[in-house]
Amino acid sequence: MTDSSSIKHPAALTSGDFTLAEEPFALFADWFGEAVKAEPNDPNAMALASVDADGLPDVRMVLMKGYDADGFVFYSHIASQKGRELAENPRAALLFHWKSLRRQVRIRGNVSPVTEAEADAYFATRPKQAQIGAWASKQSQPLESRFAFEQAIAKVAAKHIVGQVPRPPGWSGWRVAPVRFEFWHDRPFRLHDRIEFHRVAPDQPWSKTRLYP
């Protein structure tokens, strides 16, 4: 399980009724803080949706590794399916679903690469075996057998028995800068609460709309 307590985030909103919130990042911080306490596994797990060159949607689960007012950050291989799709069309949607709290948050926005320094700093925090795996894996490429992968891992591990494991050049991260949030909270009889925040650009103010369930 990821140590989500290490993720940096803005100060949480402390007011009771989430529909009174006027700014989405503080509301997200409030909900994420509660999810860290309530979810048994990976409260920072989020679905990441992108589209391929033909416009066909693609979705998978990734782990949020940080967020602030600039956006939500995750890491992976640049040549992976998601990496190729985001290079072709740098827009994405995220979904956090915290089942224990009966809440979800949808986020849409533009995607940009993190800096080399950010990628290096995060990679250095990964367990050594995960660092080795990042070198050994050709993510999303065909794999002839599990044994072949284990052999590749062993070869990389032999090169890094001692010392630091550097970040692979094909491994980095992305930041999703939201232009739209939707906060959803389950209510009895499917009469759910939904609040949407929208802005036309990252430097513009947020507008808020209450939505029918």
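Points worth noting:
- Any hit, the stretch 46-65, residues being outside any strand (DSSP E or B) and among the polar types (S, T, N, Q): no
- Test: residue in the stretch 167-182 that is free of Cβ contacts under 8 Å to residues at least 40 places away in the same chain and either touching a Lys or Arg at 6+ places or on another chain (Cβ under 9 Å) or hydroxyl-bearing (S, T, Y) (or both): no
- One residue stands out among those in the stretch 36-45 that are part of a loop (DSSP other than H, G, I, E, B) and crowded, with 18+ Cβ neighbours inside 10 Å: the one that is nearest to the chain's Cα centre (by Cα), which is N44.
- Scanning the stretch 126-155 for residues that are in contact (Cβ under 8 Å) with a residue 12 or more places away in the chain and either closer than 13 Å to P166 by Cβ or within 17 Å of the chain's Cα centre (by Cα) (or both) yields K128, Q131, I132, A134, W135.
- Sub-9 Å Cβ pairs linking a first residue in the stretch 59-71 that is farther than 19 Å from A124 by Cβ to a second residue that is aliphatic (A, V, I, L, M) and modelled with pLDDT under 95, at least 6 apart or interchain, are Y67/I7, ordered by first then second residue.
- Against the test of being surrounded by fewer than 16 Cβ atoms within 10 Å (Cβ to Cβ) and touching a Lys or Arg at 6+ places or on another chain (Cβ under 7 Å), the options S112, S140, S100 yield a single qualifying residue, S112.
- Enumeration of residues in the stretch 200-213 that are outside any loop (DSSP other than H, G, I, E, B) and aliphatic (A, V, I, L, M): L211
- Positions within the stretch 30-59 being closer than 16 Å to H185 by Cβ and among the hydrophobic types (A, V, I, L, M, F, W, C), in sequence order: W31, F32, A35, A38
- Residues in the stretch 50-72 that are in contact with a strand residue (DSSP E or B) (Cβ under 6 Å, 6 or more places away or on another chain) and crowded, with 20+ Cβ neighbours inside 10 Å: S50, M64, K65, G66, G71, F72.
The values are calculated or read from the model by the stated rules, or taken from the named source; none is laboratory data. For clarity, every value in this text was computed on a predicted model and none was experimentally measured. Here the Cβ is made from the backbone with ideal geometry for all residues, glycine too, and neighbour counts use every protein chain on show.
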